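Worksheet: the structure to be examined is printed underneath.
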Amino acid sequence: MSKLNVAPNIAKPDDFYARLLAVHEGRSKEESDAINARLVLILSNHIGDAAVLDEALALAADG
Amino acid sequence: MFADRYALAHKVYPYEKSPDQDRAEAVRHPVVIVGGGPIGVATALDLGQQGIPVLVLDDHEGIGTGSRAICFAKRCLEIADRYGCGERMLEKGVVWNLGKVFHRDDKIFEFNLLPEEGHKYPAFINLQQPYVEQYLIERLRTLQAEGAPIQLRGKNRVDAVEDKGDHVVLDVMTPDGPYKVEADWLVACDGASSPLRGMLGEEFTGKVFQDSFLIADIRMKGDLQFPTERWFWFEPSHGEGASTLLHKQPDDTWRVDFQIGWDVDRKEELKEENVRRRLDAFLGPEVEYDMVWTSIYTFQCKRMESFRRGHIFFAGDAAHQVSPFGARGANSGMQDADNLGWKLGLVIRGKAPETLLDTYSEERIYGADENILNSTRSTDFITPKSEISKIFRNAVLHLAGRAEFARPLVNSGRLSVPCVYDGLSLNGPDGLPGGPERTRVGAPMVDAPVGGKWLLEMLGGSFQLLTIDAEAPETLDVDGIGVTRVAVSAAGNPELAQRYLGDARSAVYLMRPDQHVAARWESYDEAALRSAVNIATGRA
Ligand SMILES: Cc1cc2nc3c(=O)[nH]c(=O)nc-3n(C[C@H](O)[C@H](O)[C@H](O)COP(=O)(O)OP(=O)(O)OC[C@H]3O[C@@H](n4cnc5c(N)ncnc54)[C@H](O)[C@@H]3O)c2cc1C
């Protein structure tokens, strides 16, 4: 069973973060919500592994 | 004397006075079924085919108008095959494979069901419910002519029921006045609003969905041909509703199903001019059609706590109800009949203890819960309940047009498939290493062509030993329950090998009368078989 990778895995964190925000730039709240939802679905599919997804969901929900 | 609650399409069991009505004492029947809908009649066929005397009481004199159920799934057809009317359903029904999904005005994708080859019956057919009921009743008439002890009494309305523990007493109203009927066993197939359930004070719990659907069956005029496909719209711009479905039925008839919200004026919506206004907006002005049937319905996902109460059983809509997405109502009701029939038969013949009947409730509640889960999920996708669920739903629809991965997430109703009774009481050992998952213990049989015949036609109605390249005796008596062998070979039957052997080289399957797998092994062992038969009949 695979594990969720919670170690740093993004080579240039500042670059990535800026690109993430750039996608939302100038968007309404509604558009941004839609983009975020699509992004979650796209990345979830890429991961695919149910155990990893469950771990990710749990980590995200742990407010 | 008493009025019909609904109009009849065919008056196929007109009222006739029965000699029972003139007797001073109530006549006792082994089995009484209340309700002559599809599930009541199917249950009567099951018992009648076993030679068990059965009396069906219905408060009408035939089949109601209105198509209601139109999708009959493979397992339902296979059960009907065992009852002798599956082929007629298939012959009349419409088979479709292509579906199209729209969001607002855009087609986002289409799908082909790509049915698996090597099955007598397709994944499902579209057929108006009155046809199904007609074929079931015709079969009942044929069986009667052949001497099967089945009685069907029209305009016999059950007004009261007394649960006496080991039998039941019914007050029945007829055009000639009331009389009493006694039953050793009672099967309540009296529909979603089940008067019997109410009279017995049984609870029916679950969720009511606050939505209504306007259904219109229309017959196309002129030579405009609509394809035989299923079209589903999310948030159609042609109406204010959340979804619309277009589906082909036999007789050039199309089903259009508009989801129109909760706060609607039913009477107003059902006026022909208002239905036509919706239809015209949807179909375009050039399409001409006749209206065949319209109705508004709401739905609920509910089930009873137990489908058995002593000598009383509940089956079909009386026991459980689901949303229409996925066509699980009549389909799962047929599985109730299939499940109850053989168990009740064995108990009545004294070959199995009454506790076997508890497994009817156990197994069919398992099935009902799976159906409720699936149809609730479809409903939540089609009508998102919160802002965020709507955001995700629309994200799925948006992506489905662009990326293949999102298409399986689109849920406009999942095809009704029978449940596997995983881990339930009647299951014997799964002793076939490398055996296929789909034919594991608890699963319903999977059809396959075998030497020019269908496996489906070789199985069912009694306990059988399906041997694939394995030795076993032709018959075996297990304390009064006969097991007969059905011997087949994987040679020349690749589908059979794939569906029943997997990586194994031989197999022995113990099949129940309802064609579910009770146990399986690599080879025959008498002691193991005896023990599995005893487990499968509640005698262990
Ligand atoms: C619009 C719509 C679409 C549907 N689509 C599908 C689909 O595509 N696929 C699917 O599988 N299912 C579908 N269903 C569900 C399906 O119609 C039902 O599940 C099915 O009719 C249930 O059969 P039943 O025999 O349990 O009950 P019913 O058909 O309701 O029969 C009950 C019978 O009992 C009789 N009765 C009632 N009270 C008494 C009494 N006191 N005494 C004597 N008799 C009595 C009634 O007159 C009736 O004949 C749909 C339902 C609707 C409304």
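Return the only residue of A:Ala56, A:Ala51, A:Ala37, A:Ala11 being part of a helix (DSSP H, G or I) and more than 22 Å from B:Leu399 (Cβ to Cβ). Lay out the reasoning, then the answer.
Numbers: A:Ala56 fails: more than 22 Å from B:Leu399 (Cβ to Cβ); A:Ala37 fails: more than 22 Å from B:Leu399 (Cβ to Cβ); A:Ala11 fails: part of a helix (DSSP H, G or I).
None of the others qualify; the one that does is A:Ala51.
Got a number for residues in the stretch B:15-44 being of a type outside the set (Gly, Ala, Ser) and closer than 19 Å to B:Tyr135 by Cβ?
First pass over the stretch B:15-44, keeping only residues of a type outside the set (Gly, Ala, Ser): B:15-17, B:19-23, B:25, B:27-34, B:38-39, B:41, B:43.
Applying the additional criterion that residues be closer than 19 Å to B:Tyr135 by Cβ yields B:33, B:38-39, B:41, B:43.
Qualifying residue count for the region: 5.
From the list B:Val508, B:Val488, which residue is outside the structural domain of B:Asp46 (by TED's automatic domain parsing), open to solvent by less than 40 Å² (accessible area, probe 1.4 Å), among the β-branched types (Val, Ile, Thr) and within 29 Å of B:Glu362 (Cβ to Cβ)? Steps first, answer last, please.
Working: B:Val488 fails: within 29 Å of B:Glu362 (Cβ to Cβ).
The unique qualifying residue is B:Val508.
State all residues of the stretch B:300-320 that are within 12 Å of the ligand (Cβ to nearest atom) and either open to solvent by 30 Å² or more (accessible area, probe 1.4 Å) or within 14 Å of chain A (Cβ to nearest Cβ) (or both); if no residue qualifies, say none.
B:Gln300, B:Asp317
Can you tell me which residue among B:Tyr289, B:Tyr297 is within 9 Å of the ligand (Cβ to nearest atom), away from every other protein chain (no Cβ under 14 Å) and of a type in the set (Phe, Trp, Tyr)?
Numbers: B:Tyr289 fails: within 9 Å of the ligand (Cβ to nearest atom).
The match here is B:Tyr297.
Please count how many residues of the stretch B:258-280 are closer than 25 Å to B:Phe381 by Cα, within 16 Å of the ligand (Cβ to nearest atom) and open to solvent by less than 20 Å² (accessible area, probe 1.4 Å).
Matching residues across the stretch B:258-280 total 3.
Report, by residue number, each residue of the stretch B:492-538 that is outside any strand (DSSP E or B), within 21 Å of B:Asp479 (Cβ to Cβ) and among the small types (Gly, Ala, Ser).
The initial filter retains those residues of the stretch B:492-538 that are outside any strand (DSSP E or B), namely B:492-506, B:512-515, B:522-538.
This time we only want the ones that are within 21 Å of B:Asp479 (Cβ to Cβ), so: B:512-514, B:524-538.
Scanning the stretch B:492-538 gives B:Ala527, B:Ala528, B:Ser531, B:Ala532, B:Ala536, B:Gly538.
Please pick out the residue among B:Gly480, B:Gly442 that is within 26 Å of B:Ala42 (Cβ to Cβ) and in contact (Cβ under 8 Å) with a residue 60 or more places away in the chain. Write out each step before concluding.
Working: B:Gly480 fails: within 26 Å of B:Ala42 (Cβ to Cβ).
The match here is B:Gly442.
When the residues of the stretch B:377-391 are filtered to those that are of a type in the set (Gly, Ala, Ser) and within 24 Å of B:Ala327 (Cα to Cα), which remaining residue is nearest to the other protein chains (Cβ to nearest Cβ)? So that I can check it myself, show each step before the final result.
Let us first name the residues in the stretch B:377-391 that are of a type in the set (Gly, Ala, Ser), namely B:378, B:386, B:389.
After this cut, where a residue has to be within 24 Å of B:Ala327 (Cα to Cα) as well, the list is B:378, B:389.
On the way: B:Ser378: 18, B:Ser389: 10 Å.
Of everything passing the filter in the stretch B:377-391, B:Ser389 is nearest to the other protein chains (Cβ to nearest Cβ).
Being in contact with a strand residue (DSSP E or B) (Cβ under 9 Å, 6 or more places away or on another chain), more than 16 Å from the ligand (Cβ to nearest atom), of a type outside the set (S, T, N, Q) and within 14 Å of chain A (Cβ to nearest Cβ), is that true of even one residue in the stretch B:140-147?
No - not one qualifying residue is present in the stretch B:140-147.
Determine whether B:Gly442 is assigned to a loop (DSSP other than H, G, I, E, B), open to solvent by 10 Å² or more (accessible area, probe 1.4 Å) and more than 12 Å from chain A (Cβ to nearest Cβ).
Values: assigned to a loop (DSSP other than H, G, I, E, B): yes; open to solvent by 10 Å² or more (accessible area, probe 1.4 Å): no; more than 12 Å from chain A (Cβ to nearest Cβ): yes.
So B:Gly442 does not fit the description; no.
For residues that are open to solvent by 40 Å² or more (accessible area, probe 1.4 Å) and closer than 15 Å to B:Ile125 by Cβ, scanning just the stretch B:73-95, find the one that is nearest to the ligand (Cβ to nearest atom). Show your work before the answer.
First, pick out the residues of the stretch B:73-95 that are open to solvent by 40 Å² or more (accessible area, probe 1.4 Å): B:74, B:82, B:84, B:87-88, B:90-92, B:95.
Keeping just the survivors that are closer than 15 Å to B:Ile125 by Cβ gives B:74, B:87-88, B:90-92, B:95.
Working: B:Lys74: 12, B:Glu87: 19, B:Arg88: 17, B:Leu90: 16, B:Glu91: 19, B:Lys92: 15, B:Val95: 15 Å.
Here the answer is B:Lys74.
Can you pull out the residues in the stretch B:37-72 that are in contact with a Lys or Arg (Cβ under 8 Å, 6 or more places away or on another chain) and near the ligand (Cβ under 7 Å from one of its atoms)?
Across the stretch B:37-72, the qualifying residues are B:Leu57, B:Asp58, B:Asp59, B:His60, B:Ile70.
Mind checking which residues of the stretch A:14-35 are at the interface with another protein chain (Cβ under 10 Å from one of its Cβ atoms) and open to solvent by 70 Å² or more (accessible area, probe 1.4 Å)?
A:Glu30
Test B:Met220 against the stated conditions and say whether it is of a type in the set (A, V, I, L, M), more than 14 Å from the ligand (Cβ to nearest atom) and touching a strand residue (DSSP E or B) at 6+ places or on another chain (Cβ under 7 Å).
Values: of a type in the set (A, V, I, L, M): yes; more than 14 Å from the ligand (Cβ to nearest atom): yes; touching a strand residue (DSSP E or B) at 6+ places or on another chain (Cβ under 7 Å): yes.
It is true that B:Met220 is of a type in the set (A, V, I, L, M), more than 14 Å from the ligand (Cβ to nearest atom) and touching a strand residue (DSSP E or B) at 6+ places or on another chain (Cβ under 7 Å).
Could you pull out the residue among B:Leu114, B:Leu140, B:Leu90 that is of a type in the set (A, V, I, L, M) and touching a residue at least 60 places away in the same chain (Cβ under 8 Å)? Spell out how you get there, then give the answer.
On the way: B:Leu114 fails: touching a residue at least 60 places away in the same chain (Cβ under 8 Å); B:Leu90 fails: touching a residue at least 60 places away in the same chain (Cβ under 8 Å).
Unique residue meeting the criteria: B:Leu140.
Where residues in the stretch B:392-419 are open to solvent by less than 30 Å² (accessible area, probe 1.4 Å) and more than 16 Å from B:Trp233 (Cα to Cα), which of them is farthest from the other protein chains (Cβ to nearest Cβ)?
So the first thing to find is which residues in the stretch B:392-419 are open to solvent by less than 30 Å² (accessible area, probe 1.4 Å), and the list is B:393, B:395-397, B:399-400, B:403, B:406, B:410-413, B:416, B:419.
Still in the running and more than 16 Å from B:Trp233 (Cα to Cα): B:403, B:406, B:416, B:419.
On the way: B:Ala403: 7, B:Ala406: 6, B:Ser416: 24, B:Cys419: 21 Å.
So, considering only residues that are open to solvent by less than 30 Å² (accessible area, probe 1.4 Å) and more than 16 Å from B:Trp233 (Cα to Cα), the one farthest from the other protein chains (Cβ to nearest Cβ) is B:Ser416.
Take the residues in the stretch B:465-488 that are of a type in the set (Gly, Ala, Ser) and touching a strand residue (DSSP E or B) at 6+ places or on another chain (Cβ under 8 Å), then tell me which one is farthest from B:Glu526 (Cα to Cα). Explain how you work it out, then say what you get.
First, the residues of the stretch B:465-488 that are of a type in the set (Gly, Ala, Ser): B:470, B:472, B:480, B:482, B:487.
Next cut, touching a strand residue (DSSP E or B) at 6+ places or on another chain (Cβ under 8 Å) only: B:470, B:472, B:482, B:487.
Values: B:Ala470: 13, B:Ala472: 9, B:Gly482: 13, B:Ala487: 16 Å.
The extreme case among them is B:Ala487.
Name the residue that is most open to solvent (accessible area, probe 1.4 Å), counting only residues in the stretch B:365-391 that are touching a residue at least 60 places away in the same chain (Cβ under 8 Å) and part of a helix (DSSP H, G or I). Spell out the reasoning first.
Pass one, the stretch B:365-391, residues touching a residue at least 60 places away in the same chain (Cβ under 8 Å): B:365, B:368-369, B:372, B:375-376, B:379, B:382-383.
Imposing the further condition that a residue be part of a helix (DSSP H, G or I) reduces the set to B:365, B:368-369, B:372, B:375-376, B:379, B:382.
Working: B:Ile365: 26, B:Ala368: 5, B:Asp369: 63, B:Ile372: 29, B:Ser375: 0, B:Thr376: 25, B:Thr379: 4, B:Ile382: 1 Å².
Looking at the filtered set, the residue picked out is B:Asp369.
So which residues in the stretch B:155-208 are within 9 Å of the ligand (Cβ to nearest atom) and open to solvent by 50 Å² or more (accessible area, probe 1.4 Å)?
B:Arg157, B:Asp159, B:Ser193, B:Pro195, B:Met199
B:Tyr6: open to solvent by 70 Å² or more (accessible area, probe 1.4 Å) and within 11 Å of the ligand (Cβ to nearest atom), yes or no?
Numbers: open to solvent by 70 Å² or more (accessible area, probe 1.4 Å): yes; within 11 Å of the ligand (Cβ to nearest atom): yes.
Taking the combined requirement at face value, the residue satisfies it.
For the stretch B:39-96, what are the residues that are among the polar types (S, T, N, Q) and closer than 26 Å to B:Gly413 by Cα?
Just the residues of the stretch B:39-96 that are among the polar types (S, T, N, Q), to begin with: B:43, B:49-50, B:65, B:67.
If the condition is that a residue be among the polar types (S, T, N, Q) and closer than 26 Å to B:Gly413 by Cα, then B:Thr65, B:Ser67 are the ones that fit.
Hey, any hits in the stretch A:39-61 for a residue that's among the hydroxyl-bearing types (Ser, Thr, Tyr), touching a helix residue (DSSP H, G or I) at 6+ places or on another chain (Cβ under 8 Å), surrounded by 11 or more Cβ atoms within 10 Å (Cβ to Cβ) and within 14 Å of another protein chain (Cβ to nearest Cβ)? Step through it out loud before you land on a result.
Within the stretch A:39-61, the subset among the hydroxyl-bearing types (Ser, Thr, Tyr) is A:44.
Still in the list and also touching a helix residue (DSSP H, G or I) at 6+ places or on another chain (Cβ under 8 Å): A:44.
Subsequent filtering for residues that are surrounded by 11 or more Cβ atoms within 10 Å (Cβ to Cβ) retains A:44.
This time we only want the ones that are within 14 Å of another protein chain (Cβ to nearest Cβ), so: A:44.
Yes, that holds for at least one residue.
The values are calculated or read from the model by the stated rules, or taken from the named source; none is laboratory data. What you see is a predicted model; the values in this text were computed from it and never measured. Methodologically, a virtual Cβ is constructed for each residue, glycine included, from the backbone with ideal geometry; neighbour enumeration extends over all protein chains shown. Surface accessibility is based on the protein's heavy atoms, side chains included, excluding ligands, DNA and RNA. Shrake-Rupley method; radii C 1.70, N 1.55, O 1.52, S 1.80 Å.
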